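Right, one structure below, let's go through it.
The values are calculated or read from the model by the stated rules, or taken from the named source; none is laboratory data. Because the structure is predicted, anything quoted here is derived from the model rather than measured. Virtual Cβ from ideal backbone geometry, glycine too; neighbours counted across all protein chains shown. Just the protein is used for accessible areas: all its heavy atoms, side chains included, with ligands, DNA and RNA removed. Shrake-Rupley method; radii C 1.70, N 1.55, O 1.52, S 1.80 Å.
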Amino acid sequence: IGIMMWIFKLLFLLLLRGCCSERKRYIVEFDRFASIEEHYDFIEKKVGRKFWQAVPSIAKEFPRDSIGILAQSEIVKYLDQFVKRISLDTSYHNLKNKTSDSPHKIDIRKYGGTIAPGLSAKKVWQWNNGSKARVAIFDTGLTHGDHPHFIHCDIEERINWTSEPTMFDELGHGTFVSSLIAGHAQECPGSAPGTRILAYKVFTNDQISFTSWFLDAFNYVLYRNDVDIINLSVGGPDFTDLPFVDKVLQLVASGITVVSAMGNDGPTWGTLNSPADMAQVIGVGGTDVFEKGGGISSFSSRGPTRPAKRIKPDLTAPAAGVLGSILSPNQNTQCRAMHGTSVASPSVAGVAALIASATNFKRNPAMIKQCLIETADRIKDVSIFVQGAGRMNTQRAAECGKLYQPRITLFPNRLDLTDCPYFSPFCDQPLTPHTFGGLSFALTVINGIGSTFRVLKYSFQNDQGGLQITLPPKLTHDSFWPWFAEIGITISLTQNIDQSILITAVLTLTIETRLLGVIETEKPKNDCSTSQHFDIRDITFEIKIPVAPAKERKHRLLWDVGHSLAYPPAFVARDSLRQQSDLLDWFGDEPWTNFRTTFQYLLSQGYEIDILRHDFIHFDATQYGALILVDSEDEFTPDEILKLTHDIRHNNLGLIIFADWHSPQLLQDTSFFDDNTQVRWRTAVGGANIPAINRLIQDFGFGFGDQVFEGHLSDIFGDDIHFDSGNALVKLPKLAYAVTAPNLKRRRSNAQLQDEADSLRRSKNRNKIPLETPQTAPIILAALDRIVTFGDSACIDDAHHIGGFCWPLLDAALLLATSGIRNVTIFPDASQIGARASYQSAPPSTGLVSSYLAKYSTRLRQQREDFSF
């Protein structure tokens, strides 16, 4: 049998010689640490040597659990059965990924002047300059050794992990970041000038990097086993980059504190970057100077995390007008100002080094995070999802390290929804008996006692009654590691009430921690009992929640997010085709993220909003005036379509649809080839899944076309409103109200432009403009009975709106959908059509929008499982 298997493998590999695809760059992960040669030998035994190539690595002397290879996808599929995991070696160059977070040019006056964060540590230096800590800086490297700001620094090591020949920083970013941690300039000193620095170059001077370079450096840090802090002034939305994320967990488990920038994608909510969004990492947001008091920087990324509602950032630090070292200082210029959360992160990393140097206990990531967030200064009238615990307080944080006693804490340490806007969006509306799904969020446990622990039991005290708390079913069976735990909590109201009241409750967690030399316990000699090897203590979490009776049905709205798809993992194109530099839709399309302004507007108009994260079959339509669909990208199952059709016809449920762009030709234009990974990124869906939406509403006579329009809208929709990459309606039912937009232009695809160029090749009047005037004005808004359809969502989207928000349009849509009352300004009598109409020779597409959608669609995956045997 063994000989036959060997022959089969040989024939299989020989067959691949003539049919394999081109080689791509992969990361191969193993279940054990070994030398690079041992891993190479293992792969060679499985697939031979001709069908793969090792990615060059400068680090061959120390053990690692991953290597980089170049191989064909067919070889990778075969090899995958023998190893832990194989992933594409992600390129961080063309996509919205882990790019060195280069500061932008700014008007210093806009941010209140300049600030040198290290100067706030001067009093601490009298007794602690960070000399007992080591900080590894992962960036573009460090400048030459004769730089005057680093001559007196303890720079222990410089390593270039990239394919670039020089180890020195020629961009200036790594040097600037390093100076904020340990620089010795009088004007712009680092927070911990005595700290020992390890300068690791993981980005080229063109700001290109690969996951494999990070993994090599991370494994080396684990091998050294003496690093206290890692600063990562990098980030991106791909929280599913498992090789990277898993390695960060290993670093934290070994006792290393990882500090990372939250990103510069604010002020839109839901724009957190990875790995800063991880519970085990200290995620740093940014503040302006503003009289050294620092309000939140407009560019600083906001929470919450997706899909869990984890509280992030952890804290904030100066990120605008921050002074740091230049590459070549002279007598006139020693420092320069930059901004970005990438310059906030090293300030926190420097203070983390002060904490690590001050403690009398064995330092650990939980202890350092506790000292940072417990001593932060809260910023007035700013949400916890924007500021975290608040603005970093350098002196108090360092003193916390000196006085630290091992403990377990929670973040947030309470849930007080009377404290608003700090707990926004949780506190934006009261909890009611009919709140769909209750109030859900993630509670982070920070264990400064030990890295491995579990919840023995929990209790919930609610003397007033009425509140119900739901925790994960396996909470008391699971062990948590390393140092942190994330517990999903849902709070709901279980009884009807006739007046608004405040309900208080207390959740108590009994936590058992294994003691592995983290803290010392008094133990009699010759006592070998295991009870002394565990620490057991109760941790309480206080809850205050205003509750109120449910509003009248017509004022209760259900917002569907269960049919939204986002990157990662899906390559979902951005809602605006104008944005060519960033094609990924990664905001989540939720009322709490990029539709937050619309969410707050609806609340101000007296509406109560529930969020639907499940299929349509799970909600009671009689409780709501209208269902709102915005940018729906996923499919709708036949059961969902039947349920919604019944609810509209028989339960008087209103339906409001804000669609977005879809075009088979333009979908092709949004795909691109990544030169570094040799992978073509193909779009799973455009701004919205128009074919799926058409199937949902076809029984009512509505249908969208596949032509995309953009331009300025009439002032009846609001001030300076734009239709930005949306589709027009091409099918309408009898007596529908149809509103046209004569000022819109039609967007043409690259293929259409090329065809026109070919036909006019000899003409001097070539038109390469992607927009053209359509022959007839497109219908962008249509309504009948309680159904309202609109072709674009940009005018209610924080991330994509141009000019103002379309509140008059939204008000009219809500009035019609919830009450059946027509606003004659938006829907005038003259806009009503007399008969069922079709404005396109072929009906709207109702097929699968893209073959790539099946990979990411929850509904299509469920259908496959239902029909599998």
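Structural remarks
- Yes/no for E157 being at pLDDT below 95, part of a strand (DSSP E or B) and over 30 Å from the mean Cα position of the chain (by Cα): yes
- Sub-8 Å Cβ pairs linking a first residue in the range 561-580 that is without any contact (Cβ under 8 Å) to a residue 60 or more places away in the chain to a second residue that is outside any loop (DSSP other than H, G, I, E, B), at least 6 apart or interchain, are V561/I611; V561/L612, ordered by first then second residue.
- Selection from the range 59-80 of residues that are over 31 Å from the mean Cα position of the chain (by Cα) and surrounded by fewer than 14 Cβ atoms within 10 Å (Cβ to Cβ): K60, E61
- Output for the range 286-318, where each listed residue is modelled with pLDDT of 85 or more, part of a loop (DSSP other than H, G, I, E, B), open to solvent by 20 Å² or more (accessible area, probe 1.4 Å) and within 22 Å of I487 (Cα to Cα): R302
- Residue that is most open to solvent (accessible area, probe 1.4 Å), among those in the range 139-154 that are among the β-branched types (V, I, T) and part of a loop (DSSP other than H, G, I, E, B): I151
- Conditions (1) more than 30 Å from I487 (Cα to Cα); (2) not in a loop (DSSP other than H, G, I, E, B): number failed by A353: (1)
- Pairs with Cβ under 6 Å, 6+ apart, first in the range 608-637 and touching a residue at least 60 places away in the same chain (Cβ under 8 Å) and under 19 Å from I787 (Cβ atoms), second assigned to a helix (DSSP H, G or I) and open to solvent by 20 Å² or more (accessible area, probe 1.4 Å): G625/R553; G625/K554
- Note on the range 739-762: residues that are over 39 Å from the mean Cα position of the chain (by Cα), open to solvent by 40 Å² or more (accessible area, probe 1.4 Å) and either at pLDDT 65 or above or not basic (K, R) (or both) total 5.
- Filtered by the rule that a residue be surrounded by fewer than 18 Cβ atoms within 10 Å (Cβ to Cβ) and among the polar types (S, T, N, Q), the range 677-728 gives Q678, Q698, S714.
- Yes/no for D669 being touching a residue at least 24 places away in the same chain (Cβ under 8 Å) and farther than 30 Å from S209 by Cβ: no
- Residue in the range 384-415 that is least open to solvent (accessible area, probe 1.4 Å), counting only those that are assigned to a loop (DSSP other than H, G, I, E, B) and free of Cβ contacts under 8 Å to residues at least 60 places away in the same chain: Y404
- Failed criterion for D647 (all others in (1) surrounded by 18 or more Cβ atoms within 10 Å (Cβ to Cβ); (2) more than 20 Å from A777 (Cβ to Cβ); (3) among the acidic types (D, E); (4) touching a residue at least 40 places away in the same chain (Cβ under 8 Å) hold): (4)
- Taking every residue in the range 821-832 that is touching a residue at least 40 places away in the same chain (Cβ under 8 Å) and pairing it with any residue that is in a loop (DSSP other than H, G, I, E, B) and of a type outside the set (F, W, Y), at least 6 positions away or on another chain, the pairs with Cβ-Cβ distances below 9 Å are S831/A736; Q832/L735; Q832/A736.
- Sole residue being crowded, with 22+ Cβ neighbours inside 10 Å, part of a strand (DSSP E or B) and of a type outside the set (D, E, K, R), chosen from G283, G263: G283
- Top-ranked residue in the range 362-377 [being in contact with a helix residue (DSSP H, G or I) (Cβ under 7 Å, 6 or more places away or on another chain) and assigned to a loop (DSSP other than H, G, I, E, B); ranked as farthest from F423 (Cα to Cα)]: R363
- Residue within the range 616-623 that is under 23 Å from S725 (Cα atoms), out of contact with any strand residue (DSSP E or B) (no Cβ under 6 Å at 6 or more places or on another chain), open to solvent by 10 Å² or more (accessible area, probe 1.4 Å) and not acidic (D, E) present: no
- Criterion violated by D238 - all others in (1) in contact with a strand residue (DSSP E or B) (Cβ under 7 Å, 6 or more places away or on another chain); (2) over 30 Å from V55 (Cβ atoms); (3) open to solvent by 10 Å² or more (accessible area, probe 1.4 Å) satisfied: (2)
- For S178, the conditions (1) within 12 Å of V135 (Cβ to Cβ); (2) open to solvent by 10 Å² or more (accessible area, probe 1.4 Å); (3) among the hydroxyl-bearing types (S, T, Y) all hold with the exception of (2).
- Subset tally (residues that are without any contact (Cβ under 8 Å) to a residue 60 or more places away in the chain and either open to solvent by less than 20 Å² (accessible area, probe 1.4 Å) or within 30 Å of L602 (Cα to Cα) (or both)) for the range 428-464: 2
- In the range 340-361, residue farthest from the chain's Cα centre (by Cα) [restricted to those that are modelled with pLDDT under 95, of a type outside the set (S, T, Y) and open to solvent by 10 Å² or more (accessible area, probe 1.4 Å)]: N360
- Those residues of the range 156-175 which are of a type in the set (V, I, T) and surrounded by 17 or more Cβ atoms within 10 Å (Cβ to Cβ), in sequence order: I159, T162, T175
- Looking only at the range 803-836, and only at residues there that are outside any helix (DSSP H, G or I) and within 31 Å of the chain's Cα centre (by Cα), the one that is nearest to N651 (Cα to Cα): C806
- Any hit, the range 112-132, residues being buried (at least 24 other Cβ atoms within 10 Å of the Cβ), modelled with pLDDT of 95 or more, in contact with a strand residue (DSSP E or B) (Cβ under 9 Å, 6 or more places away or on another chain) and within 24 Å of A319 (Cα to Cα): yes
- Leading residue by the ranking (nearest to the chain's Cα centre (by Cα)) among those in the range 194-240 that are within 13 Å of N160 (Cβ to Cβ) and of a type in the set (S, T, Y): S209
- From the options A550, A505, residue that is surrounded by fewer than 22 Cβ atoms within 10 Å (Cβ to Cβ), of a type in the set (G, A, S) and either more than 26 Å from R613 (Cβ to Cβ) or modelled with pLDDT under 95 (or both): A550
- Count of the range 184-215 residues, restricted to those that are open to solvent by 20 Å² or more (accessible area, probe 1.4 Å), over 20 Å from P117 (Cα atoms) and modelled with pLDDT of 95 or more, is 0.
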